[in-house]
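Here's the structure, in structure tokens; my notes come after.
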Amino acid sequence: MLLNQFLLLAAGLFAIGVYGVLARRNAVLVLMSVELILNAVNINLVAFGAFNGTVTGEVFALFVIAIAAAEVGVGLAMVLLMYRNRKSIDITQVDAMKG
Amino acid sequence: MLSNVLLYAGEVATGPSTTENANWFLRNAWIFPLIPAISFLLILFLGKRMPKKGAEIGIASVGICFLLAIATGVSWIDHRDNYEGAGHGSSEEHSTDEGSHSEEGALTITDTATGAVDPVSLAAEEGEAKEEKHPSVAVQREVTWFQTGGVEFGVGILVDGMAVMMLFVVTLISLLVHIYSTDYVGGDRRYTHYFAFLSLFTASMLLLVLSSSTLQLITAWELVGVCSFALIGHWWEEKPNSDAALKAFLTNRVGDMGLLTGMIILFFTAGQTFNIVEINEKAIAGQISHTALLVASLCLLAAVMSKSGQFVLHTWLPDAMAGPTPVSALIHAATMVVAGIYMVARLYGVFFEGLSIGGSSVNALAVMGAVTLIGGGALAFVQTDIKKVLAYSTVSQLGYMAMALGVGAWTAALFHLFTHAFFKAGLFLGSGSVAHAVHSFDMKKDMGGLRKAMPTTFWTFLICSLALVGIFPLSGFWSKDEILAGTGGRGLFGGTGGNGAYTTMLLMGIIGAAMTAAYMTRCIYLTFFGEFRGHGHPHESGKRITVPLIILSVLAVGSGLLNLPKGLAGIPKSFQLKFEHVVEPVAPYFPPIAHATPSYSLAIVASLVGLLGIAVAYWYYFVKVEAASKEAGRSLTELPDGITSKSALFRAGHTLLVNKYYFDHLYQGVIANGVKGPIARAAYWFNQNVLDRTVDTVGRTSVTAGNLVYRYVDQGLVEGVVNGTGLLSNEAGQELRRMQTGRVQQYAAILFAAATVLAGIFIVIV
Amino acid sequence: MIAAVLAQAVEIQPLTADDTLVAQNIAFGVIAAVMLYSAFRMVTTRNVVHAALYLVIVLAGTAAQFLLAGAEFIAATQVLVYIGAIVVLFLFGIMLTRGSLGVEELERNERRGMAALVAVLLAVVTGYALIDGFENTRFEVASPSTTAQVSDSIFSQYIVPFEAASVLLLAALIGAIVIARKD
């Protein structure tokens, strides 16, 4: 198989994920898009691992999965807090850093 | 980890003949942390169903440990004495086998006596010091915990005099505190958890004491920190208590960064080993560069600062008094807070070489100790909470120990640690007994005149205070005198033969002794003399509280006799320097320190200064305040402050002390808020005041300039251009301001776009 | 993007005679197309629950791709952790913040345009870099890597990252509780 199959697929998913992060207003959807980005990274890691014939790529993909789980946990907790305080999870309304 | 030791310790014994010759108690010291650890689990899971709610498990386990500690102590003394004969012959040939100890690695060697090389010692010339130099007989056993990347992570035990001494102290105080607690926290809603954590703390502290590797030391260090956190916040329903627990924990984190950094530096510079003996040997043999040792020991000093309450990270220790009093006695006076001192003593090779303790007259450790000694003592004067007086006194005494280590008086530091554990634990438990009777810790509001109501508490408190002040012949006198003599002090008052000329430290130590005497007199006056100012009728505490007090005060009187100075007339030679003989390792892993010769004049001067401190405070409180109080017919809390209201200088000093040198303000108001306070605010400010103003100023300047030009130079031609420039700048400012929308997604878009463009440029170029 | 991937996948057919490889490539192409479509729908659909279901498809597709690359253990983990746990977590998140369940208000065009621009730019740059850099790099999956190999690697060479990850999870656990609790 071509290495590029995997890499281009990952690149596509990554770009779509970035679009989701930048365009969506719903905080949960933003988090989901972040998951998409992390998945794209995982595909790259596994593909390169298979290419090199070692399991290193897989091991790091595992770490990414663990970290993604942690990120979702904390992220959703923050979304919940935001919902509780503002009755909305529209992230465009969070603009305390406005200049 | 403990289970690993349990599984393998029977099979693996790495020590050479010393270890094999040691008896069962010394070889199997790993059992010490194990017993309270098991007790912790038992109390946690079964405690509530036991008739005494788990307290009996804790007491039984610590009691067993205490008996084992005595057995271990006896075995150690025996072991040490037996080796004396064997090592005696080789003790004079120290120059021949200089290099051999480094190859032996982790093993403790029996036939080298490098300790006798003594560059600074004046006493060595007298031929006396050399006789004491015998090979160390430390018992060391290690098992591999795990192995990764070619590095073995070992855990094990390192039993030598210092460890045996600490085993005795920790188990004894812990046992007394357990017994005391059954009364003191009786009926508490988390009684079982309290005993569970006491057990866990005892286990962690014993693990720390027996550590043979730095990794194990760090683990135990953090474990005792966690237990301290849990026990300070035992009554966490009240906000100040949980705040104090958090403060203790977070302050210790600051120091732990230093601990980790220092240990990592040592790990790599000592050739990837965690073994304490090996690190020390390499440091002493000069195989680690001086710079590395210096940096490592400075990093480790941060850990000492936080754990042992040294300036400037001492602020958590007085707040930690929010915990139950027996906890303060065990953790924040006798055992955990000396972990920093113990760590320095353990890695003394590193500190001795890194800070160039020998032959110098000032170094970071000694300065830190001396500053803490004076600063902590001064703070004790203005406290109204009896426990806080004792807490600052602990800070001050820990400063003594750190200073002693800093000037090279290793044995004196450890001896002071030993005696201090008894009398300070006695003082804390005594204050707990008082508080138990009057239901308050406030000396000014709720105490006074308690000596008749609580005679046992009063007498034990008084004895322990006198020991702390250092009155002959109580234990504090001997240990404090040894520290003062150990400073060398350029022969001041006849003290000679130290590691350097630490005259400043000697003076600071003497001043500290006077301060100790004065604030303890004040504390005793406010608590036990004058009129009773509280409510109700205080009465003496029960047997479970008074018996530990009596035991501790007996030890406070007698423990000083364990290390009588050499050459004291009328004392048989076998009683002299017993402690030093047993505790001080003389081995390749211990640096060649010099031993100061004590002097009568120094002892007399220090004692007189202490008595002077007592006398001044006595005159002020027992005579002046008492008379003023009688005259006005009011209790002393309602009297106008005497000296502070008369002199502006004193008032300023008093304010400074009441605010604890503003350290808390610095940490909380300046540092914490500066970091915690949203960075957005800073960004906003930057935006408003710098960016906008810059842009606006540019615009305005342009407009002004334009107007000037318009007015003075050319009204027609340049007008349009200039106005345009001004307008442009103004517009640009408005536009730039809009970039700061506060919308995270827009920032993210810019981030991604910029990263992509940079990546594209990179690809094109490469 | 889809076209590029498919083209690469299809282009390979005449180059290799191996039949299994052809089958693998076809499978890859089909799954990849489904994944990219689902991902695209996920970020554009207005219904948040639908978005979560599209996410499931993408994640399952990723697991299938892992199988094709011979990473069996990761594929199983992907299904268990992502689809089994993380998506459920998302559904809970959507439920608990029910105010936004259903139709999301229309996005401002300007922002979507900006996001699309950045995404396309990113896709073009990475796509160009990949095609330029790994044009004909091939690899064979001789035998799938076993769970034993993965575990050996984790627990010997990567023990420290592993421990760090466990500490991270603990910290995240505590952090999530602290952030989300009511007090």
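Where a number appears in this text, it was derived from the coordinates with a stated rule and is not lab data. Remember, predicted model here, so these are calculated numbers, not experimental data. Using ideal geometry, Cβ is built from the backbone for each residue, glycine included, and neighbour counts are taken over all protein chains shown.
Some notes on this structure:
- Test item: C:21-31 mean partner chain Cβ contacts at 10 Å: 1
- Each of B:Trp76, B:Trp24 was scored by other Cβ atoms within 10 Å of its Cβ. Listed from fewest to most, they are B:Trp24, B:Trp76.
- Between A:Gln93 and B:Arg189, the modelled label-to-label distance comes to 3.8 nm, taking each label 7 Å out from Cα in the direction of the beta carbon.
- Extension gain, B:Leu612-B:Leu561: 0.36 nm per intervening residue step, less the Cα-Cα distance, totals 15.9 nm.
- Nearest-0.05 FRET efficiency for B:Glu735 and B:Thr504, computed from C-beta distance (R0 56 Å): 0.35
- Virtual spin-label span in nm between B:Ile604 and B:Asn723, 7 Å along Cα→Cβ: 9.8 nm
- Phi angles across region B:545-561 convert, under the Karplus curve 6.51 cos²θ - 1.76 cosθ + 1.60 with θ = phi - 60°, into 3J(HN,Hα) values of 9, 6, 4, x, 4, 5, 4, 5, 6, 4, 5, 4, 6, x, 5, x, 6 Hz, Gly and Pro given as x.
- Amide H contacts of C:Arg138 (H built 1.01 Å from N, under 5 Å, at least 5 apart or other chain): A:Leu3
- Distant-in-sequence amide H partners of B:Phe146 (H built 1.01 Å from N, under 5 Å): B:Phe153
- Residue-span extension gain [B:Asp81 to B:Thr697] - 0.36 nm each, minus C-alpha spacing: 213.3 nm
- Subtracting the Cα-Cα distance of B:Ile763 and B:Phe472 from their residue separation scaled by 0.36 nm leaves 96.6 nm.
- Order of A:Ile37, B:Ile750 - criterion: other Cβ atoms within 10 Å of each residue's Cβ, fewest first: B:Ile750, A:Ile37
- With R₀ fixed at 25 Å, the C-beta to C-beta distance from C:Ala27 to A:Thr54 puts the FRET efficiency at about 0.55.
- Fewest-first ranking of B:Ile551, B:Ile38, using other Cβ atoms within 10 Å as the exposure measure: B:Ile38, B:Ile551
- Phi angles of region B:289-304 translate, via the Karplus equation with coefficients 6.51, -1.76, 1.60 and θ = phi - 60°, into HN-Hα couplings of 5, 4, 4, 4, 5, 5, 4, 4, 6, 5, 4, 5, 4, 4, 5, 4 Hz per residue; Gly and Pro are given as x.
- In this Cβ point-charge picture (+1 for Lys and Arg, -1 for Asp and Glu), region B:166-279 has a dipole of about 60 debye about its Cα centre.
- Placing unit charges on the Cβ atoms only, positive for Lys and Arg and negative for Asp and Glu, gives chain A a dipole magnitude near 460 debye about its Cα centre.
- Projected label points at B:Val151 and C:Leu173, each 7 Å from Cα along the beta carbon direction, are separated by 2.7 nanometres.
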